[in-house]
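Q: I'd like to ask some things about the structure below.
The values are calculated or read from the model by the stated rules, or taken from the named source; none is laboratory data. Everything numeric here is computed off the predicted structure, so don't read it as measured data. All Cβ positions, glycine included, derive from the backbone under ideal geometry; neighbour counts span all protein chains shown. Each accessible area value is taken on the protein alone, full model and side chains, heavy atoms only, with ligands, DNA and RNA left out. Shrake-Rupley method; radii C 1.70, N 1.55, O 1.52, S 1.80 Å.
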Amino acid sequence: MPSFLLAPAVADAFPDTLIALVTATGLRGREDWPDTGAALAELEQRLAEGSWQPADESDPRIESWHTAYRAFGTNPRRIRPSVDALGRRLAKKGTLPRINPAVDSYNAVSVRHGLPAGAFDLTTVTGDVIIRYADGTESFTPLGEPGTVEHPKPGEVVYVDSAGVLTRHWNHRDAHRTRVTEDSAHVVFALETVAASRDGDLLKTAAEELRGLLAAHSDDVGVRYLSPAEPRVAV
């Protein structure tokens, strides 16, 4: 059973970090997920009606991530936090992408609550996962680009296991190796904030919403929280 660890240097630099780790076992990604479809459709309808807008960079939830990105040397207007990019895409196109039910579920929760989200197929994770600063020697293959190898710059916050980098720029982009597909049966989903004193309750609400979408299509779903106070969590 792998653990997720928040490295001391990252915890010290971002002391208000809180990450919900939602672990689903026995996930059945080839079933019909009507509640997830309804969640996506509701967001798109509310956007079309003008009764709701996704959070943008003027929102404190997004602004806190822009500040974090700048702190580790990434320009957040060129390389955007995942929730910022997803919200901008929704606002422009009026629709969210349909990838597969598990990914669609965390996308819906992410954009609804203005919090970054991602996921890893745990059967492809090697050893523990550490959120730490890159040293520049690590390798990363971007999602959808299996023939590409990148090297995060030193000081960039990354998720990394013993085989390589799982995300770049904290939550900007996931790796191809640990991508979640319709056949992924053991998955951990991450919802994140670097402003837990303000958004911690929102994060917990979002985690429970995601748990609800997953529960009908999993054998078991658990939620654990990673923070500077609890920097190691087994999933």
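Q: Classify the chain from the C-alpha gyration tensor, please: rounded if a/c falls under 1.5, else prolate or oblate depending on whether a/b exceeds b/c.
A: rounded
Q: Counting residues in the range 132-228 as N, plug N into 2.2 N^0.38 Å and put the Cα Rg over that result.
A: 1.22
Q: Just subtract the alpha-carbon distance of ASP16 and SER162 from 0.36 nm times their residue separation and send over the number in nm, one decimal.
A: 49.9 nm
Q: Keeping every protein chain present and rolling a 1.4 Å probe, give me the accessible area per residue for the range 68-188 in Å².
A: Normalised by residue count, the accessible surface of the range 68-188 is 40 Å².
Q: Here's another thing I want to ask about it. So which helices of the chain fit the span-like rule, where a helix is a whole DSSP H run, its Cα atoms reach 20 Å or more along the axis, and its mean Kyte-Doolittle is at least 0.5?
A: none
Q: Can you run phi through the Karplus equation (6.51, -1.76, 1.60; θ = phi - 60°) for the range 15-23 and list ³J(HN,Hα) in whole Hz, with x for Gly and Pro?
A: x, 9, 6, 9, 10, 8, 10, 9, 9
Q: Counting helices only, and only those DSSP H runs with n ≥ 4, report the 222 nm mean residue ellipticity of the chain as the sum of -39,500 (n - 2.57) divided by its residues, in deg cm²/dmol to the nearest 500.
A: -10500 deg cm²/dmol
Q: What does the range 164-212 give for Rg and for Dmax, in Å, if only its C-alpha atoms count?
A: Considering the range 164-212 through its Cα atoms, Rg and Dmax are 13.2, 37 Å.
Q: A further question follows. Sum up the charges of everything whose Cβ sits under 11 Å from the Cβ of ALA195, counting Lys and Arg as +1 and Asp and Glu as -1, but leave ALA195 out.
A: Net charge in that neighbourhood comes out at -2.
Q: Here's another thing I want to ask about it. In whole percent, how big is the carbon plus sulfur part of the accessible area of the chain, probe 1.4 Å, protein atoms only?
A: Carbon and sulfur: 50 percent of the exposed surface of the chain.
Q: Let me ask another. Residues with amide H under 5 Å of ALA119's amide H, sequence separation 5 or more or different chain, H placed in the peptide plane at 1.01 Å from N; which?
A: ALA190
Q: Would you mind calculating the relative contact order of the chain from Cα pairs under 8 angstrom and at least 6 residues apart, reporting the percent as a whole number?
A: It rounds to 38 percent for the chain.
Q: Moving on to the next point. Which three numbers, in whole Å and largest first, are the semi-axes of the equivalent ellipsoid of the range 58-141 derived from its Cα gyration tensor as √(5λ)?
A: Semi-axes from the Cα gyration tensor: 23, 20, 11 Å.
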